[in-house]
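Peer 1: Take a look at this one; I'll ask things after.
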Amino acid sequence: QLLELDSVNAKMRLLIDILTQEREVLAIGQRISQETQQKVGKEQREFILRRQMDAIRKELGEADDEAADAADYREKIEKALQRIEEGTFGICERCEEPINAKRLEARPVTTLCIRCKEDQERVEKDFG
């Protein structure tokens, strides 16, 4: 299309339009990449913090304590209730896709769809 034009000015205008579109595509790609890295980074930080909390509990003699497990589950329930109020319950925190209803029935406090949970478990296995 660019080569079909006779006028240098017309070629330059078309080239500017094409480059502007390409720049927008690149910007969108970079934004998506950054958002993905932030979400994965958040999950890795949470995983490390959970491991540290487990180690602290163990040092304090609270490891495998039913009260600690109950407190953790209570916190997850409170977060699920907050997501219901915010209108984000049943939406995956990572990919923002709906979480399968059967998964929510089995684990109502879940924040990740099956695919993202499996990805998280692979990361935990690799870094854990």
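The values are calculated or read from the model by the stated rules, or taken from the named source; none is laboratory data. Model, not experiment: these values are computed from the prediction. Here the Cβ positions follow ideal geometry from the backbone for every residue, glycine too, while neighbour counts run over all protein chains shown. The area values use the complete protein model at the heavy-atom level, side chains included, leaving out ligands, DNA and RNA. Shrake-Rupley method; radii C 1.70, N 1.55, O 1.52, S 1.80 Å.
Peer 1: So for the chain, if I pair up every lysine 8 or more residues apart or on another chain, how many of those pairs have alpha-carbons under 27 Å apart?
Peer 2: Total qualifying Lys-Lys pairs in the chain comes to 24.
Peer 1: Okay, moving on. With a 1.4 Å probe and every protein chain kept in, tell me what percent of the accessible surface of the chain is carbon plus sulfur.
Peer 2: Solvent-exposed carbon and sulfur of the chain make up 53 percent of the total.
Peer 1: Which angle between 0 and 90 degrees, to the nearest 10, do you get for helix 8-59 versus the longest principal axis of the chain when only C-alpha atoms count?
Peer 2: Orientation of helix 8-59: about 10 degrees from the principal axis.
Peer 1: Now for a separate question. For the chain, modelled as a GNM with alpha-carbon contacts under 10 angstrom, which of R83, R13, R51 fluctuates the most?
Peer 2: Looking only at R83, R13, R51, the largest GNM fluctuation is found for R13.
Peer 1: So if each residue of separation counts as 0.36 nm, and I subtract the Cα-Cα distance between K11 and E24, what length gain in nm does that give? Don't jump to the answer; show the numbers that get you there.
Peer 2: Working: separation 13, 0.36 × 13 = 4.68 nm, distance 2.00 nm.
Once the chain is fully extended between K11 and E24, it gains 2.7 nm.
Peer 1: Using unit Cβ charges (K, R positive; D, E negative) and no other charged atoms, how large, in debye to the nearest 20, is the dipole of region 1-110 about its Cα centre?
Peer 2: 240
Peer 1: Sticking with this structure for a sec: Averaged per residue, what accessible surface does the chain expose to a 1.4 Å probe, in Å²?
Peer 2: On the way: 10480 Å² over 128 residues.
It amounts to 82 Å² per residue over the chain.
Peer 1: Shifting gears a bit: What do you get for the angle between helix 114-127 and the principal long axis of the chain? Use alpha-carbon atoms, 0 to 90 degrees, nearest ten.
Peer 2: Taking the Cα atoms of the chain, the angle to 114-127 is about 80 degrees.
Peer 1: Per DSSP H run of at least 4 residues, take -39500 (n - 2.57); add these up for the chain, divide by its residues and hand me the 222 nm value, nearest 500 deg cm²/dmol.
Peer 2: Using -39500 (n - 2.57) per qualifying helix, the result is -25500 deg cm²/dmol.
Peer 1: Give or take rounding to whole Å, what are the principal axis extents of the alpha carbon atoms in the chain, in descending order?
Peer 2: Sorted largest first, the three principal extents are 81, 32, 22 Å.
Peer 1: Using amide H atoms built 1.01 Å from N in the peptide plane, name the residues 5+ places from I91, or on other chains, whose amide H lies under 5 Å from its own.
Peer 2: Long-range HN contacts for I91: I99.
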